[in-house]
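The structure appears below as structure tokens.
The values are calculated or read from the model by the stated rules, or taken from the named source; none is laboratory data. Everything quoted here is computed from the prediction, not taken from an experiment. Here the Cβ positions follow ideal geometry from the backbone for every residue, glycine too, while neighbour counts run over all protein chains shown.
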């Protein structure tokens, strides 16, 4: 019984550590700051956006997000609707982040706000920090 409780406690800890990383990019979005948005990503991470464009590396992720914060996503709010984490092994987890984008100016008659799902692969680095190594962003049609 004790080992099950220990395992459960570890899962709670992993969930909270990964949730902290998600909070970092949400905070970066709130600040409309690409570098802050990219904080939880590893140096060599991959980010595939809702248009299937691939960005390689933390620096490219930061640059692209600064571009969108400065243009069509300026003033938007990013809200996490749900966070579901599946642990793969002691150093790897998948996080599914259901999100909603608020304060978006609607174009082409599409409804606002927009919704989607981030699928993140998290890896714990040698220092014990959880970092996003890969992300797929999927737009959820209304």
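Mind telling me which of the residues 79, 86 ends up being under 21 Å from residue 105 (Cα atoms), modelled with pLDDT of 95 or more and assigned to a strand (DSSP E or B)? Can you show your working first?
On the way: 86 fails: under 21 Å from residue 105 (Cα atoms).
79 is the lone residue from the list that is under 21 Å from residue 105 (Cα atoms), modelled with pLDDT of 95 or more and assigned to a strand (DSSP E or B).
Taken across segment 36-52, residues that are within 13 Å of residue 137 (Cα to Cα), at pLDDT 95 or above and part of a helix (DSSP H, G or I) do not occur at all. Residues considered: 99, 130. Of these, the only one that is surrounded by 14 or more Cβ atoms within 10 Å (Cβ to Cβ), modelled with pLDDT of 95 or more, in contact with a strand residue (DSSP E or B) (Cβ under 6 Å, 6 or more places away or on another chain) and closer than 15 Å to residue 73 by Cβ is 99.
Pairs meeting the criteria (first residue in segment 82-108 and at negative phi and free of Cβ contacts under 8 Å to residues at least 12 places away in the same chain, second residue surrounded by fewer than 16 Cβ atoms within 10 Å (Cβ to Cβ) and in a strand (DSSP E or B), beta carbons under 9 Å, at least 6 apart or on different chains) are 86/94; 86/96; 88/94. Every listed requirement among (1) modelled with pLDDT under 95; (2) within 25 Å of residue 33 (Cβ to Cβ); (3) surrounded by 11 or more Cβ atoms within 10 Å (Cβ to Cβ) is met by residue 105 save one, (3). Report, by residue number, each residue of segment 81-91 that is closer than 16 Å to residue 136 by Cα and surrounded by 13 or more Cβ atoms within 10 Å (Cβ to Cβ). Residues satisfying the conditions are 83, 85.
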